[in-house]
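Working notes, structure below.
FYI, it's all coordinate maths here, none of it is from the lab. None of the values given here were measured: they were computed from a predicted structure. A quick note on method: Cβ atoms are made from the backbone with ideal geometry, for glycine too, and the neighbour counts reach across all protein chains shown.
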């Protein structure tokens with residue numbers, strides 16, 4: 001197969017996943033399709049750093065995902081997203097145009113009135129996109145997330161990062177410094193996604209403090225805030241009946257963190273959550289411990305999107321109501337979804353991010 005046909009096949013795979021993104025019988029964006037030939041997450045596998053900060057080409061799908069809740073020097077609230085996806089046509093890696101890996105990236109800035117979005121596509125094996133472990137760097141074209149200065153003794157490769165991206169009408173450069181080590185989600189990094197046993201390997205770094213600059217049509221804005229990084233890899237993270245998810249990352253005013261999601265199906269769905277202490281100790285909760293209830297919807301991109309939620313964890317006496325910074329925070333990408341910053345009040349106040357797919 002020559003270079004052009006390899007590129008066409010790779011991009012065709014991406015578009016195939018994109019076409020499956022709406023009302024797919026095989027889960028959102030085809031993530032419930034067969035994983036035959038690819039590696040499958042197994043319980044009891046130890047997640048190891050820094051090795052597992054890098055790519056896992058024997059698995060079909062992987063992402064490195066940063067969301068940031070920001071306050072501008074102008075007194076306004078903002079959100080920023082930086083995401084790199086890896087999708088494999090076949091397990092393993094090869095050099096040059098023979099690589100079966102496809103890379104996709106999203107970047108966004110959310111304001112109270114606007115959603116700025118950009119998307120990039122790349123092939124693996126030719127240097128256009130990829131991830132290295134030590135020093136850590138993830139990139140696609142001129143977008144990057146990289147370790148700056150290297151970890152101090154006892155620190156992790158992800159403890160001190162710079163991320164940057166540009167779109168047609170926006171850009172940003174942000175520095176992220178973590179105060180605690182990464183947090184393993186689920187059972188020591190093995191995150192179950194359905195009653196049928198679909199799973200991923202999943203860890204987070206929710207303890208970043210951020211400073212940097214946003215470039216917007218009206219000018220540059222200096223910002224500070226909090227950020228959350230997720231790294232997840234799998235080969236079949238959804239069951240065929242699961243149509244999408246509602247995912248919450250929450251920075252509580254108390255200093256604690258909560259990750260929680262509901263994977264939707266024809267029934268009540270499958271929920272999972274992790275309660276993270278101020279000093280970074282995760283407590284995985286039982287599957288039905290998290291309750292999420294939509295309270296209000298809005299018409300976004302001709303879809304009815306639940307933009308206001310009640311999030312409850314009764315065993316912790318936790319109940320909040322979320323409010324979006326921008327109800328129309330739509331990611332108008334090849335596989336579209338809603339993603340944006342939220343605030344919340346109730347048992348405690350705070351801020352965070354909400355992602356909703358498959359609507």
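A few points about this structure:
- Residues considered: 207, 49, 248. Largest GNM mean-square fluctuation over the chain, using C-alpha springs under 10 Å, is found at 49.
- In this structure, residue 220 and residue 298 have a Cβ-Cβ separation that, at R0 = 25 Å, corresponds to a calculated FRET efficiency of about 0.25.
- The chain, relative contact order [Cα under 8 Å, separation at least 6], %: 17 percent
- Sorted from greatest to least, the principal axis extents spanned by the alpha carbons of the chain come out as 58, 48, 47 Å.
- Whole-Å distance, taken between Cα centres, linking the range 254-273 and the range 95-156: 27 Å
- Potential lengthening between residue 348 and residue 155 on full extension [0.36 nm per residue; Cα-Cα distance subtracted]: 66.4 nm
- Under the Debye formula (equal points on every Cα, no solvent term), log10 I(q)/I(0) of the range 144-195 at q = 0.18, 0.20, 0.25, 0.30 Å⁻¹: -0.74, -0.79, -0.91, -1.09
- Calculated FRET value between residue 332 and residue 142, using beta carbons and R₀ = 25 Å, to 0.05: 0.70
- Mean-square fluctuations from a GNM of the chain, with a 10 angstrom spring cutoff on Cα atoms, peak among 274, 323, 348 at 348.
- Cubic angstrom per residue, convex hull over Cα atoms of the range 29-181: 149 Å³
- Computing FRET efficiency as 1/(1 + (r/R0)^6) for residue 266 and residue 168, where r is the C-beta to C-beta distance and R0 is 25 Å, gives about 0.05.
- Computed lengthening from residue 179 to residue 128, 0.36 nm per intervening residue step minus Cα-Cα distance: 15.2 nm
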